Amino acid sequence: MVSAYADHSTYYFTIKRGDSLSQYFSKLGLSNQLLANLLSANKSNQRLNQLAIGHKLTIRLHNNRRFKSLTYQLNSRTNLNIALNDNRFSTLFNRQPKRIPSDSSTTWVNINHSFGVDAQKAGVGFNTINLIVKALSWQLNFNTDLKKGDQFIIISNGSEKPTAIIYQSIIKNKSIKVFAYQNKHGNTHYYNRLGHSLSSSFLEAPLKYKHISSKFQLRRYHPILETWHPHRAVDYAANYGTPVYSTANGVITKKGRKGALGKVVIIQHGFDYTTVYAHLSRYANNLYKGKKVKKAQIIGYVGSTGRSTGPHLHYELHYKGKRKNPLTHKPPAQKSIDSANLQDFKAKVDKILSSL
Ligand SMILES: [Zn+2]
């Protein structure tokens, strides 16, 4: 629960899950009354009611074990100092000097509620929050993956687009590091430290099919309904039980029945893409909402569930909420930084990582 080592009468703590200031106080033999007085002495002191996991807290005692002062790390650069002199508490905010060159700044976001809320609290602008969610969307599901105590480190050189984004999970050894690089056309994209693109490419088709039985078209005569309907999807005729693959890396957002589509799997790919696989006979084993899948991983098997005349896969590709023709819409190609610029990129990455 609480870990500390004592340096004479100075105690250093790193906040762990479930810790509270009253626990530290009782551990050091300090009274609840003292704690209540401290918290009520100044409105700012009430920020100690909610300690952030991973932040540092220092408590100093006089040699007679009476409270002298405490320092709490509010964020990467600001400390809250509270000292007790002549029975009066004084509160002081201390801004630390930046640890990296003056042309860049680092913002730490500690996850307490959600990335959006916590980043705003840390002073990150709305556009930058969106950019970060987008940049990491192929690696991280912001709705399901984040845990209290996770941390983001956002390194910026003043523009809205961070130069580096680091996600550090509270789970050991789980981190994602992405770095911005501007290509010769002036577009900035994010890459991993090796210069590889973060987005997944897409398979040409989600299965080995016999033929395309219905293309993407705005008007189609429906053989069961006997009416004209748009068909903004591709139907692939295939044998019953043919494996169906996820066309790109992604996260399962639905596995279940959905009206005329029968048994369906829906997958979110990064920020902008969703794919739909319908009329399945059954699902792949161990598939569930929130599960991450790889490009070409089997997610189900061809069937004829729902409103269907025979075994086929009905496949939809959605881009930014709109249905696109999967046969002609070209999702982003997976491009890495070209060799001519790779050394320059890696030098920038090393500089950023060594400044942390
Ligand atoms: Zn269809």
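The values are calculated or read from the model by the stated rules, or taken from the named source; none is laboratory data. None of the values given here were measured: they were computed from a predicted structure. In this analysis, Cβ positions are derived from the backbone assuming ideal geometry, glycine residues included, and neighbour counts consider all displayed protein chains.
Here is how the numbers come out for the structure above:
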item: Residue identified as of a type in the set (S, T, N, Q) and part of a loop (DSSP other than H, G, I, E, B) among N173, N127; result: N173
item: Test: residue in the stretch 302-315 that is away from the ligand (no atom under 16 Å from the Cβ) and either out of contact with any Gly (no Cβ under 8 Å at 6 or more places or on another chain) or of a type in the set (D, E) (or both); result: no
item: Tally of residues being at positive phi and surrounded by 19 or more Cβ atoms within 10 Å (Cβ to Cβ) across the stretch 301-320; result: 0
item: Qualifying positions in the stretch 329-350 - without any contact (Cβ under 8 Å) to a residue 24 or more places away in the chain and either surrounded by 14 or more Cβ atoms within 10 Å (Cβ to Cβ) or not basic (K, R) (or both); result: H329, D338, S339, A340, Q343, D344, A347, D350
item: Of all residues making up the stretch 41-80, the number that are more than 16 Å from Y24 (Cα to Cα) and either part of a strand (DSSP E or B) or in contact with a His (Cβ under 9 Å, 6 or more places away or on another chain) (or both); result: 6
item: Count of residues meeting criterion [out of contact with any strand residue (DSSP E or B) (no Cβ under 6 Å at 6 or more places or on another chain) and surrounded by fewer than 20 Cβ atoms within 10 Å (Cβ to Cβ)] in the stretch 148-169; result: 7
item: Selection status of L70, closer than 23 Å to D19 by Cβ and either buried (at least 16 other Cβ atoms within 10 Å of the Cβ) or basic (K, R) (or both); result: yes
item: Matching residues in the stretch 214-241 - criterion: being at pLDDT 90 or above, in a strand (DSSP E or B) and either surrounded by fewer than 17 Cβ atoms within 10 Å (Cβ to Cβ) or out of contact with any Pro (no Cβ under 6 Å at 6 or more places or on another chain) (or both); result: D235, Y236, A237
item: Meets criteria (touching a residue at least 24 places away in the same chain (Cβ under 8 Å), surrounded by fewer than 14 Cβ atoms within 10 Å (Cβ to Cβ) and not assigned by TED's automatic domain parsing to the domain that holds I299) for E204; result: no
item: Residue within the stretch 198-210 that is in a loop (DSSP other than H, G, I, E, B), within 16 Å of the ligand (Cβ to nearest atom), farther than 30 Å from A347 by Cβ and within 27 Å of the chain's Cα centre (by Cα) present; result: yes
